[in-house]
Amino acid sequence: MTSAALSPAPIAPARRLLLQRRIRLVVAITIGYNVVEAIVAIAAGTIASSTALIGFGLDSVVEVLSAAAVAWQFAAPDPERRERLALRVIAVSFFGLAAYVGVDAVLALTGAREPDHSPVGIVLAAVSLAVMPFLSLVERRTGTELGSASAVADSKQTLICSYLSAAVLLGLVLNLAFGWTWADPVAGLVIVVFAVREGVEAWRGEACTTPVSALTGERGAEACDCC
């Protein structure tokens, strides 16, 4: 099967404009939510001396960077011309997230840091776990129909944020209930694997015409004639 056969079907101009507006709206909501999330998480983490919560807040900053890159791309009359740079920014944000969470997980596992109890953090992580998958799904479907690799890559960044929400929530709850301080860093290492994989896919996607489904791992990259 060729790359052309896998490419999204042509979209009517009116439909394309609608999809682009939807992307801008979802990105705006994502940025707004993550700004609030970052402030609350970093403040709660500082008060509770919780490295996990502070890392969660910094992840929200990374998510804002990724969403801002897509917002910048779709603010142009011809968003496709900015696709390459937007994908580079998203890829770097994935790598930055993986590096931070990885270092933090190792420090926690070696006993250098331990997450403390934080009811505020538990509530925040639970809310994020409910909100982030929905935003990711909307942006992913819209980006797939539009054929925008950067929008789909950003949706995966948002999904990674929901994974981190689940990990932080699980870690805080287990630490509160059983004193299992190792639970959060172990879950964090799983997130590192996802983040590195998505970062590599976003970085490679900037230089070719790989279908969105191949860029996100839904179809094998060998199915296209690019890169």
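Just check the range 4-140 against the gyration tensor rule for me: Cα atoms, a ≥ b ≥ c as the square roots of the eigenvalues, rounded for a/c under 1.5, and otherwise prolate or oblate depending on whether a/b exceeds b/c. In terms of gyration-tensor shape, prolate.
Ligands, DNA and RNA left out, the accessible area of the range 16-101 computed with a 1.4 Å probe is 73% carbon and sulfur. Taking the Cα centre of the range 8-134 as origin and assigning +1 to Lys and Arg Cβ atoms and -1 to Asp and Glu Cβ atoms, the resulting dipole is close to 740 debye. Taken per residue, the accessible surface of the range 39-144 reaches 46 Å², heavy atoms only and a 1.4 Å probe.
In order along the range 99-105, the phi-based Karplus estimate (6.51 cos²θ - 1.76 cosθ + 1.60, θ = phi - 60°) of 3J(HN,Hα) comes to 5, 5, 5, x, 4, 4, 5 Hz; Gly and Pro are listed as x.
If R0 equals 45 Å, the separation of the Cβ atoms of residue 126 and residue 16 corresponds to a calculated FRET efficiency of about 0.75.
The values are calculated or read from the model by the stated rules, or taken from the named source; none is laboratory data. Note that this is a predicted model, so its numbers are computed, not measured. No Cβ is skipped: glycine too gets one built from the backbone with ideal geometry, and neighbour counts run over all protein chains shown. With ligands, DNA and RNA removed, areas are computed over all heavy atoms of the protein, side chains included. Shrake-Rupley method; radii C 1.70, N 1.55, O 1.52, S 1.80 Å.
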